[in-house]
Amino acid sequence: MTDTFKTIARFQYSSEAQIIKGRLEAEGIEVFLSDNLTIDTDPLVSNAIGGVKLKVLLEQSDEAIEILESIRKYSIDDEGNSINCPNCKSEKIELFSTIKDAKSLIWFIFGVLFSSLPFYTRHKYRCEACQTEFDLK
């Protein structure tokens with residue numbers, strides 16, 4: 001019998017995926033991480049290859065998604081309140097890093113040339129529902 005895995009989540013860093021993997025395994029779900037070693041070796045390629053993929057057995061995917069949704073926390077502000085999308089008012093907001101200004105680009109190139117972690121990254125928020133990108137003011 002061939003085991004088929006389904007990707008149920010993607011993470012920018014493998015540490016995030018390892019935490020969720022441990023939680024799912026504690027519930028008896030078989031979990032496999034893909035591309036985690038590549039991203040551990042060079043974190044700058046995370047966005048290029050689609051992040052760390054968390055995969056579960058196809059027949060356990062519904063249960064795993066249910067567990068993932070129950071523990072998934074979206075972005076909150078400094079007071080602990082949910083951040084809402086300015087466009088559609090959804091609470092499904094995630095923080096991500098971007099290279100859209102000159103300073104970020106220079107430090108990205110420096111990191112690639114010298115195989116070091118980025119010293120400066122610009123963070124934005126993205127709504128999962130409407131894909132709007134925004135900053136907090």
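The values are calculated or read from the model by the stated rules, or taken from the named source; none is laboratory data. Owing to the predicted nature of the structure, the values given are computational and were not obtained by experimental measurement. Counting neighbours? That spans all protein chains shown, and the Cβs are built from the backbone with ideal geometry, glycine included. Note: accessible area is taken over every heavy atom of the protein model, side chains too, but ligands, DNA and RNA are not part of it. Shrake-Rupley method; radii C 1.70, N 1.55, O 1.52, S 1.80 Å.
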* Structure fact -> Residues of segment 68-94 being touching a strand residue (DSSP E or B) at 6+ places or on another chain (Cβ under 9 Å), among the β-branched types (Val, Ile, Thr) and modelled with pLDDT of 70 or more, in sequence order, are ILE83, ILE93
* Asked: If you scan segment 29-47, which residues turn out to be in a strand (DSSP E or B) and within 15 Å of GLU63 (Cβ to Cβ)?
  -> VAL31
* Report yes if GLU16 is open to solvent by 60 Å² or more (accessible area, probe 1.4 Å), under 19 Å from GLU69 (Cα atoms) and in contact with an Asp or Glu (Cβ under 8 Å, 6 or more places away or on another chain), otherwise no. => no
* Structure fact -> Within segment 24-42, restricting to residues that are free of Cβ contacts under 8 Å to residues at least 24 places away in the same chain and β-branched (Val, Ile, Thr), the one that is farthest from VAL52 (Cα to Cα) is THR41
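Do we find a residue being in a loop (DSSP other than H, G, I, E, B) and over 16 Å from the mean Cα position of the chain (by Cα) anywhere in segment 16-28? Break it down into steps so the answer makes sense when it comes.
Just the residues of segment 16-28 that are in a loop (DSSP other than H, G, I, E, B), to begin with: 27-28.
Subsequent filtering for residues that are over 16 Å from the mean Cα position of the chain (by Cα) retains 27-28.
Checked against the condition, which is being in a loop (DSSP other than H, G, I, E, B) and over 16 Å from the mean Cα position of the chain (by Cα), segment 16-28 yields at least one hit.
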* Structure fact -> Counting only residues that are touching a helix residue (DSSP H, G or I) at 6+ places or on another chain (Cβ under 8 Å) and open to solvent by less than 70 Å² (accessible area, probe 1.4 Å), segment 19-37 contains a total of 7
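Conditions (1) small (Gly, Ala, Ser); (2) modelled with pLDDT under 80, marked per residue:
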{"residue": "GLU30", "(1), (2)": "no, no"}
{"residue": "SER34", "(1), (2)": "yes, no"}
{"residue": "LEU44", "(1), (2)": "no, no"}
{"residue": "LEU54", "(1), (2)": "no, no"}
{"residue": "SER61", "(1), (2)": "yes, no"}
{"residue": "ILE65", "(1), (2)": "no, no"}
{"residue": "PHE96", "(1), (2)": "no, yes"}
{"residue": "LYS103", "(1), (2)": "no, yes"}
{"residue": "GLY111", "(1), (2)": "yes, yes"}
